[in-house]
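**Student:** Following this message is one structure expressed as structure tokens.
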Amino acid sequence: MRFVERLLLENQAWAGEIKHRDPHMFDRLSAGQSPEVLWIGCSDSRVPAEQICNTSPGEMFIHRNVANRVCPNEAGFMSVLEYAVAVLKVRHIIVCGHHRCGGVQAAMTDENTGFSHLDNHLDGIRDIRRRHANELAKMNNDADRLDQMVALNVIDQVRTLSELPLIKAQWSCHQRPTIHGMVYALETGRLREIERWDGEHCEAVQACAV
Ligand SMILES: [Zn+2]
């Protein structure tokens, strides 16, 4: 059976199962959404946000791109952020990186990937790597260095988000989304929070060393 045919069949089975378990769920979802969370994660197929958090449809508003970047100059990214914060009024924004991230791996050197959009997208991670060169050089091996860069990238995205005028404006009025930086360990399936911004300052939640 072709893969896409399998997907369509699986969808029918899923919809039937949901209808059986929760007969009104699709009616509720058709009426609108009020997710609590905006999730900004990596596009990597191994990190499906809803599955690893065991959430149901309607609970998370999701944006994914290579290496979970906050992109203030991209209309696609900013429209998701605007809608989530100003219209849906999410209470939490999660930036989630993950171990063995191919996007971060590609930014571990200054060598171009040969793909212009990808290189532009990854340049910000290369800047983070240069800023933390001494710290990274002291690490024992490339795998640890990569996982540490994943954490540093997440922390940088949390801080970039916290400084956006859109987020500052929300904090000056009634709606105050907390920003959380998290890292997902592919090897254990565990998610942990490493950074949190509560409107005034960023604080480390756990040591980011892995
Ligand atoms: Zn990734």
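**Student:** What distance in nm lies between label points placed 7 Å from Cα along the C-beta direction at Arg64 and Leu191?
**Tutor:** Calculated label separation equals 1.3 nm.
**Student:** Same structure again: When the chain is treated as a GNM, springs tying every alpha-carbon pair under 10 Å, which of Val95, Val66, Val104 comes out with the largest mean-square fluctuation?
**Tutor:** Result for the chain, Cα springs under 10 Å: Val66 fluctuates most.
**Student:** Pop out the carbon and sulfur fraction of the accessible area of the stretch 34-204 as a percent, whole number, probe 1.4 Å.
**Tutor:** 47 percent
**Student:** Return a whole-number percent for the relative contact order of the chain, with Cα pairs under 8 Å and 6 or more residues apart as the contact set.
**Tutor:** With pairs under 8 Å counted, the relative contact order is 19 percent.
**Student:** A further question follows. Helix-derived [θ] at 222 nm for the chain: sum -39500 (n - 2.57) over DSSP H runs of at least 4, divide by residue count, nearest 500?
**Tutor:** Calculated from helices alone, the mean residue ellipticity at 222 nm is -13000 deg cm²/dmol.
**Student:** Given the options Arg130, Arg69, Arg145, state which has the largest fluctuation in a GNM of the chain using a 10 Å cut-off (strictly under) for Cα springs.
**Tutor:** Result for the chain, Cα springs under 10 Å: Arg130 fluctuates most.
**Student:** For the chain, what does the alpha-carbon gyration tensor say about shape, rounded, prolate or oblate, given a ≥ b ≥ c as the root eigenvalues, a/c under 1.5 as rounded, and a/b over b/c as prolate?
**Tutor:** oblate
**Student:** Also, quick follow-up: With axes computed from alpha carbons, what is the tilt in degrees of helix 142-162 against the longest principal axis of the chain, rounded to the nearest 10 within 0 to 90?
**Tutor:** Tilt relative to the chain: about 70 degrees.
**Student:** Zone of Glu135 (label point 7 Å along Cα→Cβ, backbone N under 15 Å): which residues in the stretch 154-177?
**Tutor:** Only 154-160 pass the distance filter.
**Student:** Moving on. Using a 1.4 angstrom probe, figure out how much accessible area the chain has per residue, in square angstrom, rounded to the nearest whole.
**Tutor:** Accessible area per residue, the chain: 57 Å².
**Student:** Hey, quick one: spin label on Trp14, modelled 7 Å out along Cα-Cβ, who in the stretch 56-74 has an amide N within reach, i.e. under 13 Å?
**Tutor:** Once the point is set 7 Å along Cα→Cβ of Trp14, 56-58 turn out to lie under 13 Å by backbone N, inside the stretch 56-74.
**Student:** Starting at the first residue of the stretch 179-195, write each ³J(HN,Hα) from the Karplus equation 6.51 cos²θ - 1.76 cosθ + 1.60 with θ = phi - 60°, in whole Hz, x for Gly and Pro.
**Tutor:** Here the 3J(HN,Hα) series is 9, 10, x, 10, 10, 9, 8, 4, 6, 10, x, 8, 10, 9, 8, 10, 8 Hz.
**Student:** Skipping prolines and chain starts, which residues have an amide H placed within reach, meaning under 5 Å, of the one on Gly41, given they are 5 or more residues away or on another chain?
**Tutor:** Result for Gly41 returns His63, Arg64, Asn65, Cys96.
**Student:** Now a separate question. Could you please report the charge total around Glu59, scoring K, R as +1 and D, E as -1 over all other residues with beta-carbon less than 10 angstrom from its beta-carbon?
**Tutor:** Overall, the nearby charge balance is -2.
**Student:** At 7 Å along Cα-to-Cβ for each site, give me the label-to-label distance between Met25 and Ala86 in nm.
**Tutor:** With each label placed 7 Å out from Cα toward Cβ, I get 3.3 nm.
**Student:** Suppose the chain between Ala143 and Glu5 were pulled fully straight at 0.36 nm per residue; how much longer would it get relative to their current alpha carbon spacing?
**Tutor:** 45.9 nm
**Student:** Could you state the number of Å between the C-alpha centres of the stretch 60-91 and the stretch 171-206?
**Tutor:** The stretch 171-206 and the stretch 60-91 have Cα centres separated by 15 Å.
**Student:** Once phi is turned into ³J(HN,Hα) by the Karplus curve 6.51 cos²θ - 1.76 cosθ + 1.60 with θ = phi - 60°, what whole-Hz value does each residue of the stretch 67-73 show in order, with x for glycine and proline?
**Tutor:** Taking θ as phi minus 60°, the curve returns 6, 6, 8, 8, 10, x, 9 Hz for the stretch 67-73.
The values are calculated or read from the model by the stated rules, or taken from the named source; none is laboratory data. Note that the structure is predicted; figures quoted are calculated from it, not measured. Ideal geometry is used to build each Cβ from the backbone, glycine not excepted, and the neighbour counts take in all protein chains shown. The accessibility values were calculated without ligands, DNA or RNA, using every heavy atom of the protein model including side chains. Shrake-Rupley method; radii C 1.70, N 1.55, O 1.52, S 1.80 Å.
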